[in-house]
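Structure first, then comments.
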Amino acid sequence: MDGGLFWALAVVASVWVGLGKGGLPVVGMLAVPTLALVISPITAAGLLLPVYVVSDMLGLYAYRREFDKRVLMIMMVGMTVGVAVGWATARVTSEPLVTLIVGLIGASYALNLLLKAKYDGPAKTPHWPGGLFWGTVTGFTSFVSHSGGPPYQIWVLPLKLTKSVFVGTSVISFAYVNAIKLVPYYFLGQLSLSNLKIAVVLMIPAAIAVMTGVRLVKVLPEALFFRIVTWALLVVSLRLIWQGWASY
C-alpha cells in the first residue's frame with residue numbers, strides 16, 4: 001500500500017467518506033470501490049473504517065440536535081442484529097453476492113421513485129416490523145461491504161423526514177453501526193497497526209470534507225436535496241451491481 005496512485009485514490013476515498021458524513025447522500029459509499037481499484041475490497045474496507053469513525057464524530061457534532069428519535073431507535077436495534085449476523089457468518093458469506101443483491105434492491109427502488117415521481121405522496125409511519133427488517137439488512141450489508149446506504153434509504157425515504165432531520169438521523173445511525181463494527185473487524189484481522197497509520201493521515205482530508213459537506217447541505221433546496229439523494233442511490237446501486245457481477 002504505497003506509491004502515488006494508491007495515495008491519490010486513498011485521499012479521494014477519504015474525501016468521499018467526509019462528504020458523506022457531512023450530509024451528502026450516500027457519497028461515502030463510493031469510498032471502498034474507489035480504493036478497491038488499487039487494493040482488495042476487504043483491505044480497503046478495513047483501512048477506511050477508522051476514517052469513517054472519526055468522520056462520524058464530526059458529523060455527530062454538526063447534526064447533534066437534528067434527528068428522529070423513533071427512527072433512530074428502530075434502526076439501531078436492527079443494525080445491531082445485522083452486524084451480529086454479519087460477524088457470525090463472516091467466514092461463509094459471499095461478499096460479491098451481497099453486493100449484487102444490495103445494488104439490485106437499491107436500483108429498483110430508486111428507479112421506481114424517479115419514473116413515478118413519488119415525491120409528493122403522503123409520509124409513511126415508522127413502524128417497528130419494517131424498520132427492524134431493513135435495519136438488519138442495513139447492518140449486515142454495512143458490515144460486509146460498507147454498503148448499508150441503499151437498504152437504509154429504502155425504509156427512511158418514504159418517511160418524508162425534513163432535510164436536516166433526514167441527514168442527522170442518517171449520520172447518527174451510521175456512526176453507531178460503524179462504531180459497533182470495530183470489535184468484530186479487529187477480531188477478524190481487518191484492523192492492523194500499518195492500516196491505522198495510513199488511516200490517521202487520511203483523517204485530515206476526511207475532516208475537511210465533513211465540514212464542506214455540512215455547508216453544502218445547508219444551501220441545497222429541500223426538493224433538490226431529496227432528488228439528489230434518489231439519483232445518488234441509483235448511481236451507487238448501479239456501481240454495486242457492476243462490482244458484484246464483476247467479482248464473479
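The values are calculated or read from the model by the stated rules, or taken from the named source; none is laboratory data. Keep in mind the model is a prediction, meaning the values are calculated, not measured. No Cβ is skipped: glycine too gets one built from the backbone with ideal geometry, and neighbour counts run over all protein chains shown.
Take LEU224 and tell me if it is more than 24 Å from SER40 (Cβ to Cβ), without any contact (Cβ under 8 Å) to a residue 12 or more places away in the chain and in a helix (DSSP H, G or I). Yes, satisfied. Residues in the range 157-181 that are hydrophobic (A, V, I, L, M, F, W, C) and either surrounded by fewer than 24 Cβ atoms within 10 Å (Cβ to Cβ) or over 22 Å from LEU216 (Cβ atoms) (or both): LEU157, LEU159, LEU161, VAL165, ILE172, ALA175, VAL177, ALA179, ILE180.
Number of residues in the range 1-54 that are assigned to a loop (DSSP other than H, G, I, E, B), at pLDDT below 85, of a type outside the set (A, V, I, L, M) and under 19 Å from TYR176 (Cα atoms): the value is 1. When the residues of the range 16-42 are filtered to those that are β-branched (Val, Ile, Thr) and touching a residue at least 40 places away in the same chain (Cβ under 8 Å), the one that is surrounded by the most Cβ atoms within 10 Å (Cβ to Cβ) is VAL17.
So VAL210 fits all but one of (1) touching a Lys or Arg at 6+ places or on another chain (Cβ under 6 Å); (2) surrounded by fewer than 16 Cβ atoms within 10 Å (Cβ to Cβ); what number is the exception? So the condition that VAL210 fails would be (2).
Considering GLY244, GLY189, which residue is outside any helix (DSSP H, G or I) and either surrounded by 17 or more Cβ atoms within 10 Å (Cβ to Cβ) or not aliphatic (A, V, I, L, M) (or both)?
GLY189
Residue selection: LYS69 fails the criterion of being basic (Lys, Arg) and within 23 Å of LEU220 (Cα to Cα).
Matching residues to (1) free of Cβ contacts under 8 Å to residues at least 12 places away in the same chain; (2) under 21 Å from LEU224 (Cα atoms); (3) not hydroxyl-bearing (Ser, Thr, Tyr):
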| position | (1), (2), (3) |
| --- | --- |
| LEU104 | no, no, yes |
| TRP134 | no, no, yes |
| GLY139 | no, no, yes |
| GLY148 | no, no, yes |
| PRO158 | no, yes, yes |
| LEU191 | no, no, yes |
| SER194 | no, no, no |
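A single member of HIS127, HIS146 is exposed (fewer than 15 other Cβ atoms within 10 Å of the Cβ) and either touching a helix residue (DSSP H, G or I) at 6+ places or on another chain (Cβ under 9 Å) or of a type in the set (Lys, Arg) (or both), and it is HIS127.
The residues listed here are ALA84, ALA90; of these, the one that is assigned to a helix (DSSP H, G or I) and small (Gly, Ala, Ser) is ALA84.
In the range 65-81, of all residues being crowded, with 17+ Cβ neighbours inside 10 Å and in a loop (DSSP other than H, G, I, E, B), the one that is modelled with the lowest pLDDT corresponds to GLU66. The criterion of being over 16 Å from the mean Cα position of the chain (by Cα) and part of a helix (DSSP H, G or I) does not hold for VAL98.
Each row is one residue, and each column tells you yes or no for (1) of a type outside the set (Val, Ile, Thr); (2) under 28 Å from ALA13 (Cβ atoms).
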| position | (1), (2) |
| --- | --- |
| TRP128 | yes, no |
| GLY149 | yes, yes |
| TRP155 | yes, yes |
| LEU159 | yes, no |
| VAL167 | no, yes |
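In the range 158-175, the count of residues that are under 15 Å from TYR109 (Cα atoms) and assigned to a helix (DSSP H, G or I) is one or more.
Just one of the numbered conditions (1) surrounded by fewer than 24 Cβ atoms within 10 Å (Cβ to Cβ); (2) out of contact with any Gly (no Cβ under 6 Å at 6 or more places or on another chain) is not true of THR136; which one? Every condition holds for THR136 apart from (2).
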